[in-house]
Amino acid sequence: MENGAVYNETTEPEAKEPRRRPFGCTLKHLPRWRLSAKVVQAIFSFVAVVCEEIVDDCNSCSGLYFFEFISCSAFLLSLLILCMYCTDMYESLGKEKVQKL
């Protein structure tokens with residue numbers, strides 16, 4: 001009896017690692033309408049930041065600084081939400097923690 005025949009019958013085949021997408025990107029957690037809304041929100045908030053930086057001279061800058069804070073915060077938070085839902089971070093943190101965030 002050959003040893004190779006015995007071991008080939010009882011040994012389990014090696015499991016292949018699951019194929020991962022580049023950078024862990026997936027779109028299965030966001031519906032198409034919500035994904036497009038978040039992308040449009042990120043684009044508009046980025047345009048607001050750029051428009052605010054164009055202003056050279058202002059008489060009362062407190063409103064402009066507040067607008068800068070709000071638009072920059074909106075841009076960063078919309079990018080964070082897109083990263084959370086469109087990467088493997090969603091699975092690693094869990095659905096409950098992502099919804100709390």
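Contact order, relative form, for segment 27-101: 43 percent (alpha carbon pairs under 8 Å, 6 or more residues apart, mean separation divided by residue count). Amide hydrogen proximity for Thr87: with H placed 1.01 Å from N in the peptide plane, the residues at 5 or more positions away or on another chain lying under 5 Å are Thr26. Inter-label distance, Cys61 to Phe46: 2.6 nm, where each label sits 7 Å from its Cα along the C-beta direction.
Extension gain, Val98-Ile54: 0.36 nm per intervening residue step, less the Cα-Cα distance, totals 12.3 nm.
For the listed peptides 90-101, 52-63, a ranking on the average number of other beta carbons within 10 Å per residue, highest first, reads 90-101, 52-63. For segment 22-72, carbon and sulfur atoms together expose 70% of the accessible surface, with a 1.4 angstrom probe and every protein chain in place.
The values are calculated or read from the model by the stated rules, or taken from the named source; none is laboratory data. Small disclaimer: the values here were computed from a predicted structure and weren't measured. Note: ideal-geometry Cβ built from the backbone for every residue, glycine included; neighbour counts use all protein chains shown. Ligands, DNA and RNA are excluded from the accessible area calculation, which covers all protein heavy atoms including side chains. Shrake-Rupley method; radii C 1.70, N 1.55, O 1.52, S 1.80 Å.
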